[in-house]
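Visitor: The structure's right below; bear with me while I get my questions together.
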Amino acid sequence: MRWDNLTRDDTAAAPALFAADAVTTRTFDTPEFRGITFHEIRARSIVNRVPGASRMPFEWTVNPYRGCSHACVYCFARKTHSYLDLDTGIGFDSQIVVKTNAPELLRRELASRRWTGEHIAMGTNVDCYQRAEGRYRLMPGILTALAERANPFSILTKGTLILRDLELLRWASRVTDIGVSVSVGFTDGELWRTVEPGTPSPERRLDVVRTLSSHGIPCGVLMAPVIPFLGDAPEQLRATVRAIAEAGASSVTPLVLHLRPGAREWFSAWLTHHHPRLLRRYDALYEGGSYAPKWYQRRITGMVHDFAAEYGIGPYASGTHRNVPDKPDARTEGDARNARTEEERDARSDSPPAQLSLL
């Protein structure tokens, strides 16, 4: 594994992410972590600026993990593993970098005079509520640091483990603007089992939407990805939007599958194994690059918006909660930090079914 590019002493270069001698590699012989290797590091920075050329609608992110045991075959973040000389296929799914000092580092960076309280997005690279979070518990400290500063933030996740931190989210929502979105691209069980084998089922993710909404935290759904020729038929889109509406989502935003380098090769291998008849159609659809053509994206977006209107899903209206009340009481905060709720136990033990394989 190459760590040198992340630890160089060249002062003209970008700051190193962590020191090579600070890496501790661990494996855990428990069912939920079998086959996964964790590389524990002490990061040198945690608030990252999004490149100016990015299509993302935010400028700053926090990512406590690299790699993701959700093992989504289409994940655009796979390429980032190559920066460490780690495999972008199975290695991305099973070699997880854990920034163990993320909460304390975030608290320090938010306190800097240079920081002016911009919105911070989480879960935009890899899922901050993936299975590793059940062991390392970095998000409670991260949420606490953000709430203490009334710093606005958003979270995107496929993980049910977010419900463990429900009380912290409620506290944060009273002091600042927060946004929570759950990713559910489709409700087809067979498609889920092969394309997102390490994730909770779409039904369990929609239960997260229900729970958050019932506790006063509006939760949108990123309907992503819409997978061409496998999950884009009108009846499939309608069924997914209907399920999202029934879960009480505040909004639905469709996003068509995009295949960046690193992800494209892995997805193509999956497609060759599971749906070889579609290879030529994918080559034609994505011949222009990583994104499906505009006409196709507009067609999917138009259908999803029509179905959303049919089922009465309205836009999310953010609040302006800037008054800072007291922290949660000791019992509540302790529950948020330490309680092993049913959702947490489920998330930690939600190993992919034994019959599943990517290749």
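Visitor: Read through the list (1) within 16 Å of the chain's Cα centre (by Cα); (2) outside any helix (DSSP H, G or I), then give the number of the only condition that W115 fails.
Guide: Among (1) within 16 Å of the chain's Cα centre (by Cα); (2) outside any helix (DSSP H, G or I), the lone unmet condition for W115 is (1).
Visitor: Further question on the same structure: Could you tell me whether any residue of region 10-27 is at pLDDT 85 or above, open to solvent by 20 Å² or more (accessible area, probe 1.4 Å), assigned to a loop (DSSP other than H, G, I, E, B) and touching a strand residue (DSSP E or B) at 6+ places or on another chain (Cβ under 8 Å)?
Guide: No, the conditions are met nowhere in region 10-27.
Visitor: Quickly run through region 167-185 and pick out the residues that are over 19 Å from S250 (Cβ atoms) and either within 16 Å of the chain's Cα centre (by Cα) or open to solvent by 30 Å² or more (accessible area, probe 1.4 Å) (or both).
Guide: Within region 167-185, E167 is the sole residue that qualifies.
Visitor: Moving to a separate point now. May I ask you to list the residues in region 153-166 that are surrounded by fewer than 24 Cβ atoms within 10 Å (Cβ to Cβ) and more than 17 Å from G216 (Cα to Cα)?
Guide: Of everything in region 153-166, just one residue is surrounded by fewer than 24 Cβ atoms within 10 Å (Cβ to Cβ) and more than 17 Å from G216 (Cα to Cα), namely L156.
Visitor: Here is a further query. In region 52-60, is there at least one residue being modelled with pLDDT under 95 and among the basic types (K, R)?
Guide: Yes: region 52-60 contains one or more residues that are modelled with pLDDT under 95 and among the basic types (K, R).
Visitor: Tally the residues that are among the small types (G, A, S) and under 22 Å from F76 (Cα atoms), restricting the search to region 223-262.
Guide: Qualifying residue count, region 223-262: 3.
Visitor: Which one of A245, A292, A284, A308 is over 30 Å from P31 (Cβ atoms), assigned to a loop (DSSP other than H, G, I, E, B) and modelled with pLDDT of 95 or more?
Guide: A292
Visitor: Consider F229 against the criteria (1) part of a loop (DSSP other than H, G, I, E, B); (2) within 18 Å of the chain's Cα centre (by Cα): it satisfies all of them except one. Which criterion is unmet?
Guide: All conditions pass for F229, except number (2).
Visitor: For residues that are part of a loop (DSSP other than H, G, I, E, B) and among the β-branched types (V, I, T), scanning just region 71-102, find the one that is surrounded by the most Cβ atoms within 10 Å (Cβ to Cβ).
Guide: Looking at the filtered set, the residue picked out is V73.
The values are calculated or read from the model by the stated rules, or taken from the named source; none is laboratory data. Only a predicted model underlies this, so the values are computations on that prediction, with no experimental measurement involved. With ideal geometry, Cβ positions are generated from the backbone for all residues, glycine too; neighbour counts draw on all protein chains shown. We work out accessible area using only protein heavy atoms, side chains counted, and drop any ligands, DNA or RNA first. Shrake-Rupley method; radii C 1.70, N 1.55, O 1.52, S 1.80 Å.
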